[in-house]
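Here the structure comes first, spelled out in C-alpha cells, and everything after it is commentary.
Every number in this text was worked out from the coordinates using simple rules, so none of it is lab data. Because the structure is predicted, anything quoted here is derived from the model rather than measured.
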Amino acid sequence: MCVAMIVVAYGTRVVLHAVLPPETASAAAYTFTITRWDAIAFGGLVAVAMRMRPVPLAPRAIAASLVACMLVLLGVIAVAHGIAPTGVVTEFVTMPVTGLASALLVMACIVPTDTPAGRTSIAWIPRVLAARPLAWVGKYSYAIYVFHMPVHLALKPFFEHALGVGSPDVRLGKLALYSFGFFAVSAA
C-alpha cells in the first residue's frame, strides 16, 4: 500500500504537469493531499519496517541513506540558490527527498544501535534530536506549521522586494534570515 501511495503521488504530479499550465500544476502539486502521499507513505514504510524482525535496514544503511538525502538537498540548494516553494525540482526532488529523510531520521531514532556499526553510525542522531530546543520544536511543530503560512502571508508584502534584490548568495542569506524570523514569529 505504501509503495502504491508513492507511485500515485508521483504519477499525479506528472499528470498535473501534463495537463495544466506550469504555475497551476505547481500550486496543485504543493497543496493537493494526494500529491503529498509519498511523505506519509515513507513514514508508513518505517512503521512496517520496525515491526519486522530483524529490522530490514542496518544502521549503516540508514546513515548512508541520510547522507545521500542531505547531499541531494544541498545540491538542490547550491544549484537553485535555495529551495523554491514550488516548481518541478521541488515537486519531483525536494518534497520526496525531504519526506524520505524525515522517515530515515525517525528510523535512526528507533533502530537498535547495540552493534558496533549502530553505535558508530547513527547512535548520535537520537541524542541530538532529544536536545531541549529540538524537543521543544517537535512538541509544538504542528502549531508552528499551522501558523507559519498566515504569518508568511502577512510578512511577505513587507519583505518580498528586499528578498529578491542582490546576488544569489545575498538573496539566499536574506531568505535564511527571513525564514528564521517568520519561524520565530510563528513559534511565538
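Is the range 71-113 best put as rounded, prolate or oblate by its Cα gyration tensor, with a ≥ b ≥ c the root eigenvalues, rounded for a/c under 1.5, and otherwise prolate when a/b is larger than b/c, oblate when not? Numbers along the way, then the final one.
Working: a/c = 4.06, a/b = 2.31, b/c = 1.75.
Judged from the Cα gyration tensor, the range 71-113 comes out prolate (a/c at least 1.5, a/b above b/c).
If you average the sequence gap of Cα pairs under 8 Å that are 6 or more apart and divide by the length of the chain, what percent do you get for the contact order?
So the answer I get is 20 percent.
Mean Kyte-Doolittle of at least -1.0 and a Cα length of 30 Å or more along the axis: which whole DSSP H helices of the chain meet both?
Qualifying helices, which must be both long enough and hydrophobic enough, are 59-80, 132-163.
Rounded to the nearest 500, what is the 222 nm mean residue ellipticity of the chain from helices alone, with -39500 (n - 2.57) per DSSP H run of 4+ residues and division by all residues?
That comes out to -25500 deg cm²/dmol.
Multiply the residue gap between V137 and V19 by 0.36 nm, knock off their C-alpha separation, and tell me the result in nm, one decimal place.
Gain on stretching V137 to V19: 38.6 nm.
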